[in-house]
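I have placed the structure first, in the form of structure tokens, so that the comments after it can refer back to it.
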Amino acid sequence: MIKKNNVSFFQVAQGVWGMKLTFVNIYMIANRRGVAKGWVLVDTGPKHSADKIIAMAEALFGVGTRPSAIVLTHGHSDHTGSLEDLLKHWKVPVYAHKLEIPYLTGRASYPPPDPTVGGGVMSLFSVLFSRKPVDIKGKIKEIDTDEGIPELPEWKVIETPGHSPGHISLFLPLNTTLIAGDAFSTTKPESAIYVLNYIKKISGPPMYFTPDWPSAKRSVETLANLQPRIAAPGHGPVMRGRELQLALADLTENFDEKSVPDSGRYVGDPARYDENGLVYVPPFKVNHKFLAIAAVTGLAVGLIATAGAKKLFN
Ligand SMILES: [Zn+2]
Ligand SMILES: [Zn+2]
């Protein structure tokens, strides 16, 4: 852990650093000298994180620094919450996949989360996550998935849909470092205990917010085939080496049993999208297990936490 400028962050690999903001990670990638100038910010964390992100950037790259671009793995509010604040400070281009752009230009909202998937209290809270589309029209650039991102010439863009339609991961072949986004997690994103304490456990994408499981499974297989030696996810600590290799093998082999919820709105009935946004959302189904868990977890906890969680997620 590195502590500087009143913020704590960590090194992922040479030229790559990350910071945990409540329950989401952001990353900074510095290009090797002579390759391309400067550094790039990957994702922007939940709301109210801009000051911390700027402090981390200045600790690494000097006072007054700014990235040459911001890259979004996807547009969910826990990864774009501070985007508009950062863009007031840094006038830089923002890259996203074509299929995420409707949710970043005010045109469409993501499909609703599924609080019935179980796994912990974060699933229940998912209904509080903001689905309001961010609107950064005029600043967004579509990623050319073949050519990659000009500001990150050594990194490959890997399309990893499922958790969201245009989800991407970033891969550096040079030392097989992977920035996975939410294609998989290294903690249990549904469990507040795991998430807040950063407890390590390989898992699929956050269950409550994944509306297309067949695509999510293929995406995990794509990433496992890259055989990364370092994986830095959106949720959970960095995983490396043999531990990562075994964890990814286990995740791909047992994806249906371990990562896909037993039941849920999108299980067996994925949402569908096109370049303008959502085309089909399956109907909401309440199951008995969900009702029991929701009752036990209690509206008591819900009511106390709602005020705090609303601040965090919106
Ligand atoms: Zn997400
Ligand atoms: Zn996320």
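Listing for the model above:
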| read-out | value |
| --- | --- |
| Which numbered condition Pro150 fails, given (1) more than 12 Å from ligand 1 (Cβ to nearest atom); (2) open to solvent by less than 10 Å² (accessible area, probe 1.4 Å) | (2) |
| Qualifying residues in segment 205-221 (those that are open to solvent by 10 Å² or more (accessible area, probe 1.4 Å) and of a type outside the set (Lys, Arg)) - the one nearest to ligand 1 (Cβ to nearest atom) | Phe209 |
| Filter pass, Trp17 being out of contact with any Gly (no Cβ under 9 Å at 6 or more places or on another chain) and open to solvent by less than 10 Å² (accessible area, probe 1.4 Å) | no |
| Residue within segment 94-101 that is among the small types (Gly, Ala, Ser) and surrounded by 22 or more Cβ atoms within 10 Å (Cβ to Cβ) present | yes |
| Where Ser169 falls short, out of the listed (1) open to solvent by less than 10 Å² (accessible area, probe 1.4 Å); (2) polar (S, T, N, Q); (3) not in a strand (DSSP E or B) | (3) |
| Residue that is open to solvent by 20 Å² or more (accessible area, probe 1.4 Å), in contact (Cβ under 8 Å) with a residue 60 or more places away in the chain and away from ligand 2 (no atom under 13 Å from the Cβ), where the choices are Ala224, Ala192 | Ala192 |
| Residue among Gly34, Gly64, Gly45 that is assigned to a loop (DSSP other than H, G, I, E, B) and surrounded by 23 or more Cβ atoms within 10 Å (Cβ to Cβ) | Gly45 |
| Filtered residues of segment 97-131 (kept if under 17 Å from Asp43 (Cα atoms), in contact with a helix residue (DSSP H, G or I) (Cβ under 9 Å, 6 or more places away or on another chain) and not in a helix (DSSP H, G or I)) | Leu104, Phe129, Ser130, Arg131 |
| Count of segment 132-157 residues which are within 19 Å of Ser169 (Cα to Cα) and in a loop (DSSP other than H, G, I, E, B) | 11 |
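The values are calculated or read from the model by the stated rules, or taken from the named source; none is laboratory data. Because the structure is a prediction, the values reported are computed rather than measured. Methodologically, a virtual Cβ is constructed for each residue, glycine included, from the backbone with ideal geometry; neighbour enumeration extends over all protein chains shown. SASA here: full protein model, heavy atoms, side chains in, ligands and nucleic acids out. Shrake-Rupley method; radii C 1.70, N 1.55, O 1.52, S 1.80 Å.
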